[in-house]
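These notes concern the structure reproduced below.
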Amino acid sequence: MKAFSNLLSDLILTSSRNRKLALLEQYFSSTPDPDRGYALAALTGSLNFKNIKASFFKDLIKEKQDEHLFELSYDYVGDLAETISLLWDQEKSGNMPRLSYLFENLKKAKTDELKNYIINILNISTGDQRWAFIKLFTGGLRIGVSSRLVKQALANYGDVDLDEIEKIWHGLHFPYINLFLWLENKGSKPKISIYDIFHPMMLAHPLVMEKDLVTANPKDFVAEYKWDGIRVQIVSHGEGCRLYSRTGDEVSNSFPEIIKTIQGNFVLDGELLAGINNDPKTFNDLQQRLNKKAPSEKFIKKNPCFIKVYDVLFFNGDDLRDKTLIERKKVLNSYFSTNRSPMFLSETIDFKDWRFLDKIRDISNKQIHEGVMIKLVSSPYIAGRPRGKWFKWKRNPKNVDAIIMYAQRGHGKRSSFYSDYTFGVFNKEKELVPIGKAYSGFSDEELNKLDKFVRTKTINRFGPVREVEKTLVVEIAFDEMSLSNRHKSGIALRFPRFKRIRWDKPTNEVETLEQIRKSFLE
Amino acid sequence: MISIDNKLYIKDIDTYIDPFFPVERAIITHGHADHARAGHKHVLCTPETSEIMKIRYGENCASSFQTIKYGHSVKIGKISVTLYPAGHILGSAQVLLETPKDRIVVTGDYKTILDRHLDPFEVVPCDLLITEATFGLPIFKFNKPEMEIERLLDNISKHRENTFLIGAYSLGKAQRIIWLLREAGFSDDIFVHGSMDKLCDFYQSKGIRLGTLRKATLDNKKDFKGKIIVAPPSALKDRWSRRFENITRCYASGWMQVKQRAKQSQIEIPLVISDHSDWNELTNTIKQTGAQKVWITHGREDALKYWCEKIGIQAEPLSLQHRDERNEL
């Protein structure tokens, strides 16, 4: 545990990528099994401990510390593990057991012993150790280390390609003994059954017209619609079918009618959408389904879904990931020559020049696509976000002016700043109603000014939320506006972010809710 | 009753404490820029504070200075004014305003833990305590500064190829860090940023031994390996710091207690050394003064106000402007 907490403390205070990689490699080489496997799981967010969640520690600290003082502290620090480690006031000998031992004991402990066991650990640990220990249970480490960076460190450590690790990653088993044997040339590469696992997806970069397309030849690319649903991977074989989200979470249970129907031996990549017969509805319609973990038959009938498929990774046992996109598309075309409902082939868009595509992506009366995808025909299927292969060319955003109403501090890196803003517009009754929340789109310098605005113009406090003087107008960019009965304003914005801060604009020049609804929804 | 308002203006004697704008009469608690400004007519403060103000703002930064030593009083109208050590920086004082009927103490910035290069903080009993709350949250509990210095020295001995750039306020913190390093037996030359050498000289002239200090100029460029350079926090990311190679950035401040803050500022060695009171010091001081009423000038007022009210002490935040909540890079 000591080595692990030192590692985390060093990582959080290191900004250079190379130094982070060096710290990780150093840790993997100097820490024995299975402890390093536990650390690897923690660093990549794959360590699960069912009995203990963040709330467990919250309850624990509330027994020791006044609840309100805890809330104020948490609000200030913005990191639960750090808040509790600082508030916990005990002897610190720092003689912690090793990580794996600690974990196994926690797993074995009976529910009634668990609490005392953890209190004891918190009591004997130093501040840094407490912080690292609690972080194991509170989700996201927030130390500036991505899973990908950790895998890169593994690749460096074993002198193998990062892609090799990505490809087998989801089939590896905790605590990664076989992986380390392979990386240290003491064992063979772990064998993975392709149909048992999620395969990391290939992702696109946002398109920058001037940079990416000016010299590119349209003939080298395929264009498709960028569907406004959720990305899914369909893994199917003799024993059934599973659906995974973009991050590798299994979502099969939410779509029983779909996995029941799909048959075959393949891994496909596509978009899950609301609707029937290849006729997509809006993301808002899909949202209904996504909210239900175990939908009833009646609910499914009312809210049907289907999948538009645009890529294939494996087909009848063949790994197609190294083939070109054109070759993969051929496989798909032939498979979809017969009806495969509820799966459909995602159509490609014929185009001769970029200007034509530019027009297509902006046809705004349809809410079912968000723009177009442009993919290099010669590109293999590469896990991650490789440069220059796939591009997403989103529709131009829409803009609306609104007035800042409330602000809240951010978390992690932004924990000292009021960086989350609720904004609103006037309704018919001249009452200001919130229409959304935005956290991004401003520069660090602008954030400083916004933060100062909030601190000096606060008129009310509700716990961590500050209500501010209704004087500041911001221009908000958003992708889509839809009707919503969850909000008082009756509308919801998709992906709202700051476009400009209108320090000079008077609030009475902001369009009313009625005007906005007219221009965006009718 | 003494009439003092939420701008720390004492009507009876037409005097402000630490005003941010030029006034006729001011009592200045200490020489930091958010408390001591140039341009007042008559200034009352400790002798050290007046010297510091003259070093920073020039001989004519006020029309006249009246100085009194710690523990000494002057009578202005009906009110007797006494200055007590605040333990914050050299010359820092708490202000006691006293009539036969009531006692008001304005702490200014203060810390109560023993810091042997300064006069120790004194608890001054009062009815109304006007306190700071820079670190007014229970997460702020500072270790002994010696431990932080030890950690730094340990790091230096392991990485002799690096240059250790320490961000510390030019007045007070910089000298304290250097003094602590000397106390810990660090005898190497220490390099200082141009903005602080006069103030270091001033500390040395008061008998606080800072050892051999050199300017961190390019002429000395070759000598920076494994050495310590002390500079104001703003210089840590400034172009000025680009002249050094293999920099390890350190920052001496109570804010460094929170790792996420250190990370935000890209600090590699946070030194949790504060010239302000931590949570325990703040709450103990309030209890020890016996004050029935507490005003909080600046800082994390919410938590301290809540704590006061919970134990039956009336508390008001003043939210004085210009005393910045965040001391960031």
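What to note about this one:
- A:LYS352 vs. criteria in the same structural domain as A:LEU268 (by TED's automatic domain parsing), charged (D, E, K, R) and not in a loop (DSSP other than H, G, I, E, B): no
- Residue that is farthest from the other protein chains (Cβ to nearest Cβ) [pool: residues in the range A:414-430 that are of a type outside the set (Phe, Trp, Tyr) and closer than 14 Å to A:ILE404 by Cα]: A:VAL425
Yes/no matrix, rows are residues, columns are (1) modelled with pLDDT of 95 or more; (2) over 13 Å from B:CYS45 (Cβ atoms); (3) not assigned by TED's automatic domain parsing to the domain that holds B:VAL43:
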{"residue": "B:LYS69", "(1), (2), (3)": "yes, no, no"}
{"residue": "B:GLY77", "(1), (2), (3)": "no, yes, no"}
{"residue": "B:THR82", "(1), (2), (3)": "yes, no, no"}
{"residue": "B:GLY87", "(1), (2), (3)": "yes, yes, no"}
{"residue": "B:SER92", "(1), (2), (3)": "yes, no, no"}
{"residue": "B:VAL95", "(1), (2), (3)": "yes, no, no"}
{"residue": "B:ARG103", "(1), (2), (3)": "yes, yes, no"}
{"residue": "B:THR107", "(1), (2), (3)": "yes, yes, no"}
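- Under the condition of being touching a Gly at 6+ places or on another chain (Cβ under 8 Å), modelled with pLDDT under 90 and assigned to a loop (DSSP other than H, G, I, E, B), the residues counted in the range B:191-235 number 2.
- Hits in the range A:8-42 (condition: in a loop (DSSP other than H, G, I, E, B) and either closer than 17 Å to A:LEU183 by Cβ or of a type in the set (A, V, I, L, M) (or both)): A:LEU13, A:THR31, A:PRO32, A:ASP33, A:PRO34
- Residue among A:SER73, A:SER5, A:SER85 that alone is crowded, with 19+ Cβ neighbours inside 10 Å, within 13 Å of another protein chain (Cβ to nearest Cβ) and over 24 Å from A:TYR117 (Cβ atoms): A:SER73
- In the range A:113-136, of all residues being of a type in the set (Phe, Trp, Tyr) and away from chain B (no Cβ under 14 Å), the one that is surrounded by the fewest Cβ atoms within 10 Å (Cβ to Cβ) corresponds to A:TYR117.
- Pair list, Cβ < 9 Å and 6+ apart or interchain, from the range A:206-232 residues that are in the same structural domain as A:VAL309 (by TED's automatic domain parsing) to residues that are among the acidic types (Asp, Glu) and in a loop (DSSP other than H, G, I, E, B): A:PRO218/A:ASP353; A:ALA223/A:ASP350; A:GLU224/A:GLU347; A:TYR225/A:GLU347; A:ASP228/A:ASP479
- The range B:1-41, residues that are without any contact (Cβ under 8 Å) to a residue 24 or more places away in the chain and among the β-branched types (Val, Ile, Thr): B:VAL23
- Strands (runs of 3 or more DSSP E) enclosed by the range A:198-303 - at least 3 residues per element that are in contact with a Gly (Cβ under 8 Å, 6 or more places away or on another chain): A:230-237, A:266-276
- Scope the range A:112-144; condition of a type in the set (A, V, I, L, M, F, W, C) and part of a helix (DSSP H, G or I); matching residues: A:LEU114, A:ILE118, A:ILE119, A:ILE121, A:LEU122, A:ILE124, A:TRP131, A:ALA132, A:PHE133, A:ILE134
- Looking only at residues of the range A:42-68 that are without any contact (Cβ under 8 Å) to a residue 12 or more places away in the chain and in contact with a Phe, Trp or Tyr (Cβ under 7 Å, 6 or more places away or on another chain), we find that the one that is nearest to the other protein chains (Cβ to nearest Cβ) is A:HIS68.
- Number of the exception - A:TYR195 against (1) within 18 Å of A:ILE326 (Cα to Cα); (2) of a type outside the set (D, E, K, R); (3) under 25 Å from the mean Cα position of the chain (by Cα): (1)
- When A:PHE462, A:PHE453 are screened for being surrounded by 16 or more Cβ atoms within 10 Å (Cβ to Cβ) and within 14 Å of chain B (Cβ to nearest Cβ), only A:PHE453 passes.
- Members of the range A:437-448 that are in a helix (DSSP H, G or I) and at pLDDT below 90: A:ASP444, A:GLU445, A:ASN448
- Test: residue in the range A:458-469 that is closer than 18 Å to A:GLN515 by Cβ and among the aromatic types (Phe, Trp, Tyr): no
- So B:LYS141, is it away from chain A (no Cβ under 14 Å) and within 30 Å of B:GLN260 (Cα to Cα): no
- For the range A:45-53, the count of residues that are crowded, with 20+ Cβ neighbours inside 10 Å and out of contact with any strand residue (DSSP E or B) (no Cβ under 6 Å at 6 or more places or on another chain) is zero.
- Unmet criterion (only one of (1) more than 13 Å from chain A (Cβ to nearest Cβ); (2) surrounded by 19 or more Cβ atoms within 10 Å (Cβ to Cβ); (3) more than 19 Å from the chain's Cα centre (by Cα)) for B:TYR203: (3)
- Residue selection: B:LEU213 satisfies the criterion of being away from chain A (no Cβ under 14 Å), surrounded by 15 or more Cβ atoms within 10 Å (Cβ to Cβ), touching a residue at least 24 places away in the same chain (Cβ under 8 Å) and more than 23 Å from B:SER277 (Cβ to Cβ).
The values are calculated or read from the model by the stated rules, or taken from the named source; none is laboratory data. Keep in mind the model is a prediction, meaning the values are calculated, not measured. As a convention, Cβ positions derive from the backbone with ideal geometry for all residues, glycine included, and neighbour counts pool all protein chains shown.
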